[in-house]
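Participant: Just dropping this structure here.
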Amino acid sequence: MKAKGEFRDRASVEVAVLDALVDRREDGMTVFELRAAVEVDIDTLEDALADLKEDSLIVVESKESRTVVLPDDRVVPDPGEAPTEEESLFDAVRDRLGL
């Protein structure tokens, strides 16, 4: 699943971070998991996280003795929301079925 369309006009690394977090919105992701998912160096990831945090698009929490990053609720699309033009119908159906 991808972040809502209104949050997609950011730097590509920030959009990739938001998309990865939306996919794991319940559990969140550690910085190391995000780095692997987004495939950027740690400095670039830290800059992106700082910008997203400054704009209140992410939340950092301690869960089960680990620190995770979660997307803000307003970034996560509603389950019945129509797919964006960038998202194919196949992707929308796959996400809806949880595949």
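Participant: Any residue in the stretch 38-47 that is closer than 26 Å to ASP78 by Cα, of a type in the set (D, E, K, R) and over 8 Å from the mean Cα position of the chain (by Cα)?
Facilitator: Narrowing the stretch 38-47 to residues closer than 26 Å to ASP78 by Cα: 38.
With the extra rule that they be of a type in the set (D, E, K, R), the set shrinks to none.
So far as the stretch 38-47 goes, no, none of its residues is closer than 26 Å to ASP78 by Cα, of a type in the set (D, E, K, R) and over 8 Å from the mean Cα position of the chain (by Cα).
Yes/no matrix, rows are residues, columns are (1) at pLDDT 95 or above; (2) within 17 Å of VAL22 (Cβ to Cβ); (3) out of contact with any strand residue (DSSP E or B) (no Cβ under 6 Å at 6 or more places or on another chain); (4) loosely packed, with under 12 Cβ neighbours inside 10 Å:
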position: VAL40; (1), (2), (3), (4): no, no, yes, no
position: ASP47; (1), (2), (3), (4): yes, no, yes, no
position: SER62; (1), (2), (3), (4): no, no, yes, yes
position: ARG66; (1), (2), (3), (4): no, no, yes, yes
position: ASP78; (1), (2), (3), (4): no, yes, yes, yes
position: PRO83; (1), (2), (3), (4): no, yes, yes, no
position: GLU86; (1), (2), (3), (4): no, yes, yes, yes
position: LEU89; (1), (2), (3), (4): no, no, yes, yes
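The values are calculated or read from the model by the stated rules, or taken from the named source; none is laboratory data. Everything numeric in this text was worked out from a predicted model, so none of it was measured. We place every Cβ from the backbone using ideal geometry, glycine too, and count neighbours over all the protein chains shown.
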